[in-house]
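**Q** Take this structure, written in structure tokens, and hold onto it; I'll ask about it next.
The values are calculated or read from the model by the stated rules, or taken from the named source; none is laboratory data. Not measured: the values here are computed from a predicted model. Backbone-built Cβ (ideal geometry, glycine too); neighbour counts: all protein chains shown.
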Amino acid sequence: MGLFFEKIKRTKSSKPIVAIRIILSIAMIALFILGYRDDFNGTYLGYAFLIVGLLNVMNGVESHYHRDEKKVYVMDYLLGILFIFIAITELGIG
């Protein structure tokens, strides 16, 4: 089982972080539904990508706080920056 799946020692997230993740996930699902109903409007998709980027950066901060391996939080930060960049280009900011 160690070939594809690696057992990691992960500490539990605090309750406010879990609540923020749930709220942002519900907002992201609502944006996808609104975008679908509005003929696949790219604005809603851009905001959904922005939320995904913020969630990844938040995971990176939490991994950094719990002193996980460097590759874990660097990957979370990079994915967050990538999604935020996609959101900026989708929304036409800058």
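**Q** Six or more apart or on different chains, Cβ under 9 Å: which pairs go from a residue in segment 1-23 that's closer than 19 Å to Asn56 by Cβ and of a type outside the set (Asp, Glu) to one that's surrounded by fewer than 11 Cβ atoms within 10 Å (Cβ to Cβ) and modelled with pLDDT of 80 or more? Could you list them?
**A** From residues that are closer than 19 Å to Asn56 by Cβ and of a type outside the set (Asp, Glu), the pairs are Ile8/Glu69.
**Q** On to the next question. Could you go through segment 65-83 and let me know if any residue there is touching a Leu at 6+ places or on another chain (Cβ under 8 Å), modelled with pLDDT under 90 and part of a helix (DSSP H, G or I).
**A** No: zero hits.
**Q** Looking only at residues that are more than 17 Å from the chain's Cα centre (by Cα) and of a type in the set (A, V, I, L, M, F, W, C) in segment 24-80, which one is surrounded by the most Cβ atoms within 10 Å (Cβ to Cβ)?
**A** Leu34
**Q** Can you run down the residue pairs with Cβ atoms below 6 Å, 6 or more apart or on separate chains, where the first is in segment 82-93 and under 7 Å from Phe49 (Cα atoms) and the partner is part of a loop (DSSP other than H, G, I, E, B)?
**A** none
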